[in-house]
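Here's the structure we're looking at; comments come further down.
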Amino acid sequence: MEISADFLHKYNISGPRYTSYPPANFFNKGFTTSDYISALRASNQQKPANISLYIHIPFCPQRCHFCGCSTVIAQRKLVVERYIQALKTEMKLVSSLLDDSRRVTQIHWGGGTPNSISMIYIREIMDWVRTHFTINENAEIAMECSPAYLDYRHIDQLSEMGFNRISLGIQDFREDVLKVVNREVPRHPVKDVVNYLRDKGFKGINLDFIYGLPLQTPESFRHTIEQAIDIRPDRIVTFSYAHVPWVKEAQKQLETIGLPDANDKMNLFLQATAQLKEAGYCAIGIDHFTLPDDDLTKAYTNKQLHRNFQGYCTLETTGQVYAFGSSSISQLWGAYAQNYKEIAKYMESVEACGTAIERGYKLSKSEQIVRAVINCIMCNGLLNLVEIASEFGLSIHELKELLSFDPSRFDDFIEDGLMNLDNNEIHLTEKGFLCARNIAMALDPALKTGEGIYSRTV
Ligand SMILES: C[S@@+](CC[C@H](N)C(=O)[O-])C[C@H]1O[C@@H](n2cnc3c(N)ncnc32)[C@H](O)[C@@H]1O
Ligand code: SF4
């Protein structure tokens with residue numbers, strides 16, 4: 001696939017990532033704890049089959065300068081212990097509002113770096129989860145880990161606790177790249193760690209990479225991806241570096257070293273895509289590559305891929321997400337609810353009232369429909385308007401009106417080979433997936449635009 005500088009100039013604009021619809025900048029402080037409690041109760045009737053739990057551990061031993069996540073650095077033991085207690089309090093309250101018959105099919109630990117805290121705390125929380133929720137026998141229990149702090153004995157302990165999925169944040173195999181972004185190198189060879197995880201029965205093993213970091217060149221990144229292919233994890237994610245220095249102050253330090261420009265960055269991605277496909281990986285959704293027999297590949301092939309704030313998942317296992325911990329976002333059918341980002345505020349609030357809602361958003365029926373439309377584009381690259389209309393009991397005319405659907409908005413996309421539009425069906429091409437955010441924007445009736453709100457779309 002060839003991407004010209006003109007193409008990038010045209011499509012690399014500022015826009016939402018659509019990890020949620022409406023995007024997180026719509027969340028507001030008018031959404032209160034009582035709204036959250038009502039949404040929790042209502043969620044028992046809305047798509048009740050599965051429950052997904054998200055547990056946020058914000059702690060990291062040091063800050064990677066590229067990091068866009070919600071983290072706090074090097075906290076004292078007393079703070080971590082207080083945080084663990086707050087998590088338990090929050091879980092107890094939420095579980096008391098959910099129907100006992102509902103089953104947990106997914107538990108995701110993210111951060112921060114969950115594996116940087118003592119395994120004693122992780123076990124304490126897992127025991128608590130088992131006491132307060134009913135876990136499905138084959139639930140996916142996952143943790144995002146940094147290999148800088150991961151030992152084989154930790155893997156043994158996680159396996160004993162029931163963990164069966166792990167994602168390792170690699171970012172780049174080059175030590176000079178890791179050094180300039182202030183990141184520790186893996187403690188053990190990643191290939192040995194992945195083999196060990198496999199022997200322990202972990203599935204869907206994932207490695208995260210980022211392209212667009214300082215010092216990355218086509219040659220260096222080709223070598224990094226070659227190493228990834230040699231390790232052969234089930235999943236590889238190549239995240240486009242999201243540069244948002246107006247939110248993440250530490251990212252400014254990368255500007256002083258020098259970041260690849262949009263053209264160089266795109267070439268890193270295209271080169272990685274070609275290498276991974278050549279090696280037998282399937283490109284699914286945005287930035288994700290999976291082995292043919294992985295669950296996510298099957299879900300993508302069957303157009304059953306789904307997405308939440310934790311990443312891609314299969315529609316079969318995912319449910320509404322009940323989130324715990326600072327900055328975490330519950331994704332319910334009718335509302336999003338986000339906890340305080342600052343851990344002190346989070347802990348104080350939970351200690352006072354059992355919850356820690358800072359802001360959120362109640363979705364109208366119309367927004368629930370637009371969410372389904374945007375998800376079709378972002379996950380499966382296929383939108384059938386007739387199917388969506390029938391799912392929500394609308395005529396095709398009503399659906400188009402709700403979306404302010406204007407076919408002329410797609411003329412450029414079609415002309416540039418990004419998508420097809422036939423019989424009320426939008427189908428993204430391989431090149432079109434690079435611009436999925438742009439195409440989703442053309443279907444978003446409430447789009448807010450402007451530089452400095454969002455990262456770049458390509
Ligand atoms: C919570 S971290 C993963 C676990 C662990 N903290 C680590 O770094 O290994 C989640 C992932 O987000 C990605 N990430 C973080 N900041 C990013 C940014 N600014 N742009 C794109 N991806 C980013 C990284 O690939 C990282 O592995
Ligand atoms: S990338 Fe991971 S380890 Fe680095 S600061 Fe962010 S959350 Fe922590």
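The values are calculated or read from the model by the stated rules, or taken from the named source; none is laboratory data. Every value quoted in this text rests on a predicted model; they were computed, and no experiment measured them. Quick reminder, even Gly has a Cβ in these numbers, built from the backbone with ideal geometry, and neighbours come from all protein chains shown.
Can you find even one residue in region 207-216 that is within 16 Å of ligand 2 (Cβ to nearest atom), buried (at least 18 other Cβ atoms within 10 Å of the Cβ), assigned by TED's automatic domain parsing to the domain that holds L254 and farther than 23 Å from G311 by Cβ?
yes
Tell me yes or no: at least one residue of region 86-99 is under 26 Å from G204 (Cβ atoms) and within 16 Å of ligand 2 (Cβ to nearest atom).
Checked region 86-99: no residue is under 26 Å from G204 (Cβ atoms) and within 16 Å of ligand 2 (Cβ to nearest atom).
How many residues are at pLDDT 95 or above and either within 16 Å of ligand 2 (Cβ to nearest atom) or assigned to a loop (DSSP other than H, G, I, E, B) (or both) when one looks only at region 100-111?
Number of matching residues: 3.
Please state which one of R130, R103 is away from ligand 1 (no atom under 16 Å from the Cβ) and in contact (Cβ under 8 Å) with a residue 24 or more places away in the chain.
From the options R130, R103, the qualifying one is R103.
Give the residues of region 305-332 that are assigned to a loop (DSSP other than H, G, I, E, B), touching a residue at least 40 places away in the same chain (Cβ under 8 Å), within 25 Å of T238 (Cβ to Cβ) and not small (G, A, S), sorted by residue number.
F309, Q310, T317, T318
Which of the residues belonging to region 35-70 are more than 18 Å from the chain's Cα centre (by Cα), away from ligand 1 (no atom under 16 Å from the Cβ) and not in a helix (DSSP H, G or I)?
The answer is N44, Q45, Q46, K47, P48, A49, N50.
Of (1) in a loop (DSSP other than H, G, I, E, B); (2) away from ligand 2 (no atom under 16 Å from the Cβ); (3) modelled with pLDDT under 95; (4) not small (G, A, S), P233 satisfies all except one. Which?
All conditions pass for P233, except number (3).
With the structure loaded, tell me whether Q85 is surrounded by fewer than 23 Cβ atoms within 10 Å (Cβ to Cβ), within 26 Å of F133 (Cβ to Cβ) and assigned by TED's automatic domain parsing to the domain that holds S34 or whether it fails that test.
Judged against the criteria, Q85 is a match.
Working only within region 113-142, note down all residues that are outside any loop (DSSP other than H, G, I, E, B) and of a type in the set (V, I, T).
Result: I120, I122, I125, V129, T131, T134, I135, I141.
If you take the residues of region 148-172 that are closer than 21 Å to L215 by Cα and in contact with an Asp or Glu (Cβ under 9 Å, 6 or more places away or on another chain), which of them is farthest from ligand 2 (Cβ to nearest atom)?
For region 148-172, the residue satisfying everything is I170.
Restricting attention to region 261-276, does a residue exist that is without any contact (Cβ under 8 Å) to a residue 12 or more places away in the chain, of a type in the set (K, R) and more than 21 Å from N50 (Cα to Cα)?
Scanning region 261-276 turns up no residue that is without any contact (Cβ under 8 Å) to a residue 12 or more places away in the chain, of a type in the set (K, R) and more than 21 Å from N50 (Cα to Cα).
So the check is Cβ under 8 Å with 6+ separation or different chains; which pairs have a first residue in region 200-225 that's on the phi < 0 side of the Ramachandran plot and of a type in the set (G, A, S) and a second one that's modelled with pLDDT of 95 or more and away from ligand 2 (no atom under 15 Å from the Cβ)?
Note: pairs meeting the criteria are S220/R174.
Checking S14 against (1) within 23 Å of the chain's Cα centre (by Cα); (2) at pLDDT 90 or above, only one condition comes out false. Which one?
The single condition S14 does not satisfy is (2).
Hey, could you check region 401-427 for residues that are touching a Leu at 6+ places or on another chain (Cβ under 7 Å), in a helix (DSSP H, G or I) and not aliphatic (A, V, I, L, M) and say which is farthest from L382 (Cα to Cα)?
P407
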